[in-house]
Amino acid sequence: MSEEIREDIKLIEDHTSQEYKYGFVTDIEEDEFPKGLNEDIIRKISAKKNEPEWMTEWRLKAYRHWLTIKEPNWAKIHHEKIDYQNLRYYAAPKKKPELESLDQVDPELLATFEKLGIPLEEQKILSGVAVDAVFDSVSVATTFKSTLAEKGIIFCSISEAIREHSELVKKYMGSVVPQTDNYFAALNSAVFSDGSFVYIPKGVRCPMELSTYFRINAMDTGQFERTLIIAEDDSYVSYLEGCTAPMRDTNQLHAAIVELVAHENAEIKYSTVQNWFPGDKQGKGGIYNFVTKRGICKGNNSKISWTQVETGSSITWKYPSCILQGDNSVGEFYSVAVTNNYQQADTGTKMIHLGKNTKSTIISKGISAGRSNNSYRGLVKVGKNASNARNFSQCDSMLMGDQCGAHTFPYLEIDNSSATVEHEATTSKVGEDQIFYLNQRGISTEDAVNMIVNGFCKEVFNNLPMEFAVEAQKLLAISLEGSVG
Amino acid sequence: MIKIKNLHANVEGTEILKGIDLEVNPGEIHAIMGPNGSGKSTLANVLAGHESYEVTEGEIIFENKNIVEMAPDERAREGLFLAFQYPIEIPGVSNSVFLKTAINEIRKHKGEEEISAKDFLALIREKAEVLGMDSSLISRSVNQGFSGGEKKRNEILQLLTLNPKLAILDETDSGLDIDALKIVAHGVNKFKNDNNAVILVTHYQRLLDYIIPDFVHVLYKGKIVKSGDKNLALELEERGYDWIIKEQPQAV
Amino acid sequence: MNKENNIKDWYLENFNQFNKVVSDDIFKSLRKEASAKFENSDFPTKKDEEWKYTSISPILNHEFTPSPLFMGDKEVLPIIDKYLIKDLEVHLLVFVNGIFNKELSKIGEVENGIIIDNLYNLSKNNPEFISEHLSTKNDTNNSFNFLNNVFTYDGFVVYIPKNKVIEKPIHVLNIASNINKPLVQPRNIVIAEANTEANIITEYVGTEKSEYFTNILTDISVDENSHITFFKLQNESNAAYHIDKTEIIQKASSVFNHFSLSFGSRIARNDINTKLDGENIETHLYGLYLGNEEQHIDHHTFIDHAKPNCMSNELYKGILDDKAHGVFSGKILVNQIAQKTNAFQSNKSVLLSDEASIDAKPQLEIYADDVKCSHGATVGKLDEQAYFYIRSRGVSAESARSMLIRAFIDDVVSEIKIDQLKEKVSDTIFEHLHREKF
């Protein structure tokens, strides 16, 4: 009970800065490539990162496939055509030799991360979160590395992993999201510049939350990071991802890939608080967030759990998915997606049941305000051999104002008669009666709305690590401020 | 405490209250009775400031302030409490977060300090005990999954913890069995003292066996058509409302 | 692609033939226009989002002959007794291979102004009426719809002028024969003016194992304050193909009930689109699909809430056995001005065999904020514990199963308010469940 009280009303206060507060630009010397995309650029990226030959070839293969396919158009989103030749595919803070310790990091950069509230300096980290920070395209620092190494855990940038743990990367990269998977995945596979790599050895429970913060800084730059997490038998890891970008009035592209592999009895918990710049009130600028996230429960009794809080980006296109291959494996998806002003979100999940006795849960909460459109799109597929598969999906939408849209597009494809699949969806507005009830107890309308919205999202917030849950609730309050009069 | 003068109010353009006059002083309990559709619940909601009701004429003077233009949350902070006829369910919002926010809003308004978690818990425990409630309900969502009786008891728990100046109970007795009714009445009697006041809106006399009113008013077609003491309620119980209605010149 | 072009050519050749056989009539220009559209259109493929779960290529493998082309052929009149609804007085219209049969039909007396007739007859006797009401709005989107228009010839027409009520239900019986591999293309029209009432029962049947293709277009207009109930019993031969598109437009304060009860055909695709174009409208869509063997039964419904204060309610239930495949796609659109909309949708399916499958796609697309909308979809098997419980009381496996299935679909069947029809539907369900198998 006291925990209930601890989570508390503090969350509702303190949201006076309603504008996007991460919208500053860091004045830092960048090492940039010219705009445009061709095989040369890809070779240059690969060379820049001292990659082995096989990696360069892998990238080129992806690029060549990308040239043959078209941008998908089935999502409920609209945007001007992206000119892929007018983007810069590599930008990195300059003077970045091998970093031995944080002392060598550009102080300007450290100041940026401090502004973002990222406890980069180890001594400041009381919460026990190990952080990998990706600034524009490259990873700038990974904390707690040595502590983790003692347990055999590898937590480093993907570039480093390609060099230092080549065999692991070779084995797993592209095994969950192939280079040819989709348009944005192919693009990422060709040009990805950095990202995080996590390896948890057999029987190890990662003692702390691992975390990556992504930040786009440079102008006209696409960010293409790539994350790969491997959990060996009987291991456990919880991973957090946060992101911000400066306010610019042109759109920036973010096309990331996340791959998770859970072996027998392993569990991976992946949490995201996505707060890319959503564009201004008139819908100008903002990040195009086209992300492919997928995990495979390879071993029996494995579990993958996605939790996401999406408040940023002008367009979000992402479907964190689980392939439930191992028998008795479990997939979970908990999502809060908030759209305001002219934001568009088309997000959901795919649960692919292949093993026996597999189980999946989908809880999706969409909140639309302003002139935004918020769609849930989710697939539950039960294969022929997936006997006794179980799925439960609950998709609720809340509308604030009469200029926005809330949509639900579930796909249920069931090929096995022993499956039990349940899908429920509701759409409602913030109830006037609820607001009046709270008003009558002395609570202002603004606070009442926050309270109701947080209550609406509670099932999802409960799945976030504590500090993230607090941050998520604040973000929600900020992004919805002024939506109900 | 509260002085209602010539109060007229509309719902969606139809006049429901047609000139109510009522004065309630500290230490008093007033019962407002009347047949269905007479405007009882409308009166309760208008006093609390529900936006669906439009006050077209008259004044509501609460603690020397005209509150007609005041927002519902401001009225609540001033010390006006409405126990709802149909308490609303708010999924995901726990009773504790809800009540603690409410207490602190009211305290802030009075210039007092916020309540500490420890004191808050103690307060809830104490009040829940009065109502024979399990204090574990504090971690449940507001009214969600509560039975009708639990919801009503929860309203009284809020009354006791927020300790307002004026409590308006809108049909709090409806849907309660006799045991629950006694508990609710016990709670209201605990609340009552010489400095506060209660308005009971009720259809039945039953509740008045346990909460003894100082005054009883009969509301009919948006007006108070008869006032008396507790004996009037007994008479209504025995004879129904027809005889009063017949006394009315405009009655059909 | 080749197959498709070949079959298109086949139908276009038939159209030339048709023009020689059928004398000039008011449909001439409509047909011509449609043939051009048909020529330039493509049959839907699984790449089309709306057809991703239904492959129509088996239909393109057959050369069906538009039925007006062999009208003159001597044919034994089918025996219709077994299709009639016991103890129910109706206005009976019988179509054989899509063409009205006067001998078999029996239309009773109706009030002045009411029309219960067939399209061909009306085009001759009352061409003004047909020109006015045969809208072209139903010629939209796909090749099948164009194909229907290319051979516009017959269908049933019901017209109810203001303030009239058709007391007896109308029973429209469509029988397909098993010779000539006919292409049967009814073009149906229902016009209910303000304050009217009617019950219309359409039924599609075919003799066992016969191969034919029914391709229907139906327009239903329900004006202010009218109450129309429309049933479709689809009991085609298991080798037949069935495509049906029904467009409904409703005006203020009207009530429309639609029942799609599907038992037959090899591949069936139903599109039921309704537009709620007024306030205080009530719409109920009920569906039942029972599939066996290799049947493929697809229902696509679309409810367009265009105005405020309306209610729609949709309940579809399916039972799939053997290798049967079910598809349900239900879309609810609530436009920005359609405040205070209440829209509910439920789709439940039971898979009885390991090889049966279902694809469900319930969709909500909502642009108004003051609404209550929900949808639910479930897929599962029969309750094993209940099954065991019933059997433990001495009931045979087959009866126990049948009992549970009937219980599962009861909430659809019980909405049929005409008792005699309910009886008939129950019998059909029984026959379907107890077909020779195991």
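Quick notes
- Length-normalised contact order for chain C - Cα pairs under 8 Å, 6+ apart - percent: 9 percent
- As a rough footprinting exposure proxy, the listed residues A:Lys35, B:Lys226 were ranked by other beta carbons within 10 Å of their own, and the order from fewest upward is A:Lys35, B:Lys226.
- Computed over all pairs of different Cα atoms, the Kirkwood value for the hydrodynamic radius of the stretch C:382-438 is 12.3 Å.
- The Cα center of the stretch B:106-133 and the Cα center of the stretch B:213-236 differ in position by 35 Å.
- Qualifying lysines (Cα of each under 23 Å from Cα of A:Lys284; at least 8 residues distant if same chain): A:Lys21, A:Lys35, A:Lys76, A:Lys81, A:Lys318
- Percent of C-alpha pairs per 5 Å bin in the stretch A:328-485, short distances first: 2, 9, 17, 18, 17, 14, 9, 7, 5, 2, 1, 0.
- Amide proton proximity set for C:Val327, modelled H, under 5 Å, gap of 5+: C:Ile297, C:Asp298, C:His299, C:Asp359
- Sequentially through the stretch A:252-259, phi angles give Karplus couplings (6.51, -1.76, 1.60; θ = phi - 60°) of 10, 9, 10, 10, 9, 10, 10, 10 Hz, Gly and Pro residues having no value and appearing as x.
- Pairs over the 20 Å Cα-Cα cut-off, from the set C:Lys106/C:Lys181; B:Lys151/B:Lys182; C:Lys20/C:Lys245; A:Lys359/A:Lys458: C:Lys106/C:Lys181; C:Lys20/C:Lys245; A:Lys359/A:Lys458.
- Gyration tensor (alpha-carbon) shape descriptor, the protein assembly as shown, a/c threshold 1.5: oblate
- Distance from the stretch C:1-57 to the stretch B:34-78 (C-alpha centre basis), Å: 68 Å
- The string of couplings for the stretch B:18-26 from the Karplus curve (6.51, -1.76, 1.60, θ = phi - 60°) is 10, x, 9, 10, 7, 10, 10, 9, x Hz, one whole number per residue in order, with x for Gly and Pro.
- Tail fraction, Cα-Cα pairs, the stretch C:5-82, threshold 14 Å, whole percent: 73 percent
- Per-selection Rg to Rh, the stretch B:113-177 - Cα, Kirkwood hydrodynamic radius: 0.97
- Between C:Leu12 and A:Thr445, the FRET efficiency from the beta-carbon distance, with R0 = 51 Å, is close to 0.20.
- Length gained on full extension, B:Gln248 to B:Arg206, computed as 0.36 nm times the residue gap minus the Cα-Cα distance: 12.6 nm.
- Residues in the stretch C:245-281 reached by a label modelled at C:Asn342 [backbone nitrogen below 16 Å; 7 Å Cα→Cβ]: C:253-256, C:279-281
- Proximal aspartates and glutamates to C:Lys251, defined as alpha-carbon separation beneath 19 angstrom and excluding residues fewer than eight positions away on the same chain: C:Glu132, C:Glu193, C:Glu197, C:Asp219, C:Asp223, C:Glu224, C:Asp277, C:Glu279, C:Glu282, C:Asp304, C:Glu314
- What the phi angles of the stretch C:207-217 give under the Karplus curve with 6.51, -1.76 and 1.60, with θ = phi - 60°, is a coupling list of 6, 3, 6, 6, 9, 7, 9, 9, 10, 9, 10 Hz, glycine and proline written as x.
- Building the convex hull from the alpha-carbon atoms of chain B and averaging its projection over directions returns 13.5 nm².
- For C:Ala36 and B:Asp21, a Förster radius of 56 Å and the Cβ-Cβ distance give a FRET efficiency of 0.10, rounded to the nearest 0.05.
- Each peptide in B:194-201, A:47-54, B:94-101, B:74-81 gets a packing score, the mean of other Cβ atoms within 10 Å over its residues, and the list from highest to lowest is B:94-101, B:74-81, B:194-201, A:47-54.
- Take each residue in A:395-408, count the other chain C-beta atoms within 10 Å of its C-beta, and the mean is 5.
- Taking every residue in B:98-107 and counting other chain Cβ atoms within 10 Å of its Cβ, the average works out to 5.
- Share of pairwise Cα separations in chain C, more than 28 Å, in percent: 49 percent
- Only one residue of B:Gly39, B:Ile245, B:Ile67 has its Cα farthest out toward the positive end of the dipole of the stretch B:2-247, where Lys and Arg carry +1 and Asp and Glu -1 on Cβ, and that residue is B:Ile67.
- Distance between modelled label sites at A:Tyr84 and A:Glu150, nm, 7 Å Cα→Cβ extension: 4.7 nm
- The calculated FRET efficiency for B:Glu69 paired with B:Glu12, based on their beta-carbon distance and R0 = 25 Å, is about 0.80.
- Neighbouring Cβ atoms from other chains, within 10 Å of the Cβ of residues in B:118-124, number 1 on average.
- Three-way shape call for the stretch B:110-252 based on the alpha-carbon gyration tensor, with the a/c threshold at 1.5: prolate
Every read-out reported here was derived from the displayed coordinates using simple, explicitly stated rules and does not represent laboratory data. Predicted model only: the values in this text are computed from it and were never measured. Every residue, glycine as well, gets a Cβ built from its backbone with ideal geometry; the counts of neighbours run over all protein chains shown.
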